[in-house]
Amino acid sequence: MKPASPSLPWTDVDTVLLDMDGTLLDLNFDNHFWLEYLPRRYAERHGMAPQVAREGMIKRYAAVRGTLNWYCLDYWQQELQMDIVALKQEVAHLVAVHEHVPAFLATMRRQGRRLVLVTNAHRGGLEMKLTLTALEGHFHRVISAHEYGRPKEDQRFWEQFRAREPFDPARTLFVDDNLDVLRAAERFGIAHLRAVRRPDSRRGEVDTGEFAAIRDFRELMP
């Protein structure tokens, strides 16, 4: 594990890009939905054992991991012939904001930095979570990678994103819990990167590889 996240040179940061699931929001909702709830409902529908359904789902997920389909609710609705958005609503009570996130966002706005939510989440799930959490009002802009047809893991996403949302990578902070996404951002030239040590509050800390990481957003407060 990496040591505590080093202090940021805030005088060198104008733009703050933030991921949603696992970064601002507790990943417990998504892990529960995709690994437990959806397989169980699929098993009920098809008269299967839940464990068999779960194993089959995990194989399907692995086949498209890192692509836009992995994040696309329309894709999974067609693939599984189930109303994914409606099923998410059934466990929406599990959607939760990580501790200290609102205070951090308020501080960034107060200090005049541009705040942009940059997520791979499909609009259906994104809108549900923004409504439940009331986070959208903190951001100058909310971006779903589906608008660009590329996930954040793809350099072409960053090229298209910067063309529509001008920012200086050398003066930008980006926080994400996905190491492949952070590596793509690093290749693009974003200077200040942070991973998240505990995306899912119900699970232990994760290995954040080569990236400095935060336990919570107090560690990033100026």
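Kindly indicate whether any position in the range 35-48 is in contact with a strand residue (DSSP E or B) (Cβ under 6 Å, 6 or more places away or on another chain) and more than 14 Å from Leu220 (Cβ to Cβ).
Of the range 35-48, the ones in contact with a strand residue (DSSP E or B) (Cβ under 6 Å, 6 or more places away or on another chain) are none.
For the range 35-48, residues in contact with a strand residue (DSSP E or B) (Cβ under 6 Å, 6 or more places away or on another chain) and more than 14 Å from Leu220 (Cβ to Cβ): absent.
Looking at the range 55-68, is at least one residue in contact (Cβ under 8 Å) with a residue 60 or more places away in the chain and of a type outside the set (A, V, I, L, M)? Can you show your working first?
Taking the range 55-68 first, the residues in contact (Cβ under 8 Å) with a residue 60 or more places away in the chain are 66-68.
Now drop any that are not of a type outside the set (A, V, I, L, M), which leaves 66-67.
The answer is yes; a qualifying residue exists.
Determine which single condition Gly124 fails, assuming it passes every other condition in (1) open to solvent by 10 Å² or more (accessible area, probe 1.4 Å); (2) among the small types (Gly, Ala, Ser); (3) at pLDDT 95 or above.
(3)
Among the residues of the range 185-194, are any in contact with a helix residue (DSSP H, G or I) (Cβ under 6 Å, 6 or more places away or on another chain), buried (at least 17 other Cβ atoms within 10 Å of the Cβ) and more than 18 Å from Asp12 (Cβ to Cβ)?
no
Here are some conditions: (1) buried (at least 16 other Cβ atoms within 10 Å of the Cβ); (2) closer than 24 Å to Asn28 by Cβ; (3) in contact with a helix residue (DSSP H, G or I) (Cβ under 6 Å, 6 or more places away or on another chain). Ser201 meets all but one. Which one does it not meet?
Of everything listed in (1) buried (at least 16 other Cβ atoms within 10 Å of the Cβ); (2) closer than 24 Å to Asn28 by Cβ; (3) in contact with a helix residue (DSSP H, G or I) (Cβ under 6 Å, 6 or more places away or on another chain), Ser201 misses just condition (1).
Go through the range 144-170 and give me each residue that's surrounded by 15 or more Cβ atoms within 10 Å (Cβ to Cβ), closer than 24 Å to Arg65 by Cβ and among the basic types (Lys, Arg). Working first, answer last.
Going residue by residue through the range 144-170, those that are surrounded by 15 or more Cβ atoms within 10 Å (Cβ to Cβ) are 144-146, 148, 150-154, 157-158, 160-162, 165, 167, 169.
When the remaining residues are screened for being closer than 24 Å to Arg65 by Cβ, the result is 144-146, 148, 150-154, 157-158, 160-161.
Hits for the range 144-170 are Arg150, Lys152.
Suppose we filter Gln160, Gln89 for residues that are polar (S, T, N, Q) and in contact (Cβ under 8 Å) with a residue 24 or more places away in the chain; which single one remains?
Checking each option against the conditions leaves just Gln89.
All but one of (1) over 12 Å from Val118 (Cβ atoms); (2) exposed (fewer than 15 other Cβ atoms within 10 Å of the Cβ); (3) modelled with pLDDT of 95 or more hold for Arg141; which doesn't?
(1)
Going through the range 1-49 one residue at a time, which ones are closer than 18 Å to His93 by Cα and at pLDDT below 95?
The answer is none; no residue qualifies.
The values are calculated or read from the model by the stated rules, or taken from the named source; none is laboratory data. Bear in mind the structure is a predicted one, so any value in this text is a computation, not a measurement. Glycine gets a Cβ as well: all are built from the backbone with ideal geometry, and neighbour counts include every protein chain shown. Side chains are part of the model used for accessible areas, which takes the heavy atoms of the whole protein and leaves out ligands, DNA and RNA. Shrake-Rupley method; radii C 1.70, N 1.55, O 1.52, S 1.80 Å.
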